[in-house]
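Okay, so here's the structure we're looking at.
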Amino acid sequence: MELKGSTALITGASRGIGRAIALYLAELGAQVAVNYASSEDDAHEVVELIKNKGGRAVAIKADVADVQDVESMFGKVLNEFGDLHILVNNAGINRDGLLIRMKQEDWDAVLDTNLRGVYNCSKEAARIMIRKRRGKIINISSVVGVSGNAGQSNYAAAKAGIIGFSKAIARELAPRNIQVNVVAPGFIKTDMTDRLPERVKQEMLNQIPLGRYGKPNEVAYIVGFLASDKSQYITGQVIHVDGGMIM
Ligand SMILES: NC(=O)c1ccc[n+]([C@@H]2O[C@H](COP(=O)([O-])OP(=O)(O)OC[C@H]3O[C@@H](n4cnc5c(N)ncnc54)[C@H](OP(=O)(O)O)[C@@H]3O)[C@@H](O)[C@H]2O)c1
């Protein structure tokens, strides 16, 4: 699998799954734009790791929920690399709480980052990719977007929304040779899941047939495949990387 000559933008690539995706796509030969919201040092560390191995990378600060930030980010990607072939919409947050206690701002924050962010970035990427009749958009949803989870109505709505959105644009963009797919991770060990109480972590573990949490790399490997030419005939699909939670 090779991504030499390709440019990839990965949102939320300063930490966790996005970081693993950025490092793996760079290892496959892609030039990588590492987007982050606030963790500047972490984003620069990812860029340095890539450069130290002979790759090309740039860190770009932008809030994916903010359309002006997003437009400026895509401008910077084009200035730096001249083109964009792969977009990975990975940036995401959670603000968990039961429905009757959920604050409006927690609903809005999660929908804005996790769903509006995917719309903002996909729209910019599609404009570039349509002209070249080539492109890969890979959206990171979640097992929770398929099965639901008590205490995560905002997160589940956004992650289910990503699936419907991706299937719609997969149909729109297929005639232009652009493939759009979704990766739905289960329970992956990152800052997002480290924050959960031990009781919740144990409950999650009990639901995983393979009996362990996933690693960020295990999500990155399938993203690498979906970003490559080896997946040219796959579009509109949801690939589960969850140790068997959804069968
Ligand atoms: N971990 C899991 O078990 C799991 C399971 C299913 C799905 N997912 C999904 O996988 C993705 C990555 O999760 P993770 O566990 O790696 O999370 P994480 O460790 O908390 O990292 C989140 C990343 O998203 C960035 N981000 C947050 N808000 C942003 C915004 N408004 N604009 C741009 N970037 C933003 C963060 O940037 P800063 O560092 O600058 O804040 C960070 O790089 C998310 O979409 C998440 O919902 C995770």
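The values are calculated or read from the model by the stated rules, or taken from the named source; none is laboratory data. None of these values were measured; they are calculated from a predicted model. Please note: Cβ atoms are built from the backbone with ideal geometry, for glycine as well, and neighbour counts cover all protein chains shown. Remember, those area values only see protein heavy atoms, side chains included, never the ligands or the DNA or RNA. Shrake-Rupley method; radii C 1.70, N 1.55, O 1.52, S 1.80 Å.
The angle between the Cα long axis of helix 117-132 and the longest principal axis of the Cα atoms of the chain comes to about 30 degrees, rounded to the nearest 10. Net charge around residue 5, counting only other residues with Cβ within less than 13 Å of its Cβ (Lys, Arg = +1; Asp, Glu = -1)? Residues close to residue 5 contribute a combined charge of +1. Here the alpha carbons of the chain define both size measures, Rg and Dmax, at 17.0, 52 Å.
Hey, quick one: spin label on residue 167, modelled 7 Å out along Cα-Cβ, who in region 203-247 has an amide N within reach, i.e. under 11 Å? Taking a point 7 Å out along Cα→Cβ of residue 167, the residues of region 203-247 whose backbone N falls under 11 Å are 236-238. In terms of distances greater than 18 angstrom between alpha carbons, the cross-link table entries 4/136; 167/230; 136/167; 4/230; 136/230; 76/123 yield 167/230. Extension gain, residue 104-residue 123: 0.36 nm per intervening residue step, less the Cα-Cα distance, totals 4.2 nm. Between residue 217 and residue 41, residue separation times 0.36 nm minus the direct Cα-Cα distance comes to 61.3 nm.
Karplus-based coupling profile of region 30-44, in residue order and whole Hz: 6, 7, 10, 9, 9, 7, 8, 9, 9, 7, 4, 4, 5, 5, 5, with θ = phi - 60° in 6.51 cos²θ - 1.76 cosθ + 1.60 and x standing for Gly or Pro. Along region 197-210 the Karplus relation, 6.51 cos²θ - 1.76 cosθ + 1.60 evaluated at θ = phi - 60°, assigns HN-Hα couplings of x, 3, 4, 5, 4, 5, 4, 4, 4, 5, 8, 9, x, 6 Hz to successive residues, with x for each Gly and Pro. Using θ = phi - 60° in the Karplus curve 6.51 cos²θ - 1.76 cosθ + 1.60, the 3J(HN,Hα) couplings for region 5-13 round to x, 9, 10, 10, 10, 10, 7, x, 9 Hz; x is entered for Gly and Pro. Here, region 104-144 is characterised by an Rg to Rh ratio of 1.11, where Rg is the alpha-carbon radius of gyration and Rh the Kirkwood radius. The residues of region 7-241 present an accessible area of 47 Å² per residue when probed at 1.4 Å with all protein chains retained. Computed over the chain, the per-residue total of -39500 (n - 2.57) for DSSP H runs of n ≥ 4 gives a 222 nm mean residue ellipticity of -14500 deg cm²/dmol, rounded to 500. Measuring nothing but protein heavy atoms, the accessible surface of region 7-241 at 1.4 Å probe radius is 49 percent carbon and sulfur.
Annotation: average projected area of region 102-203 is 7.1 square nanometres, based on the convex hull of Cα atoms across all directions.
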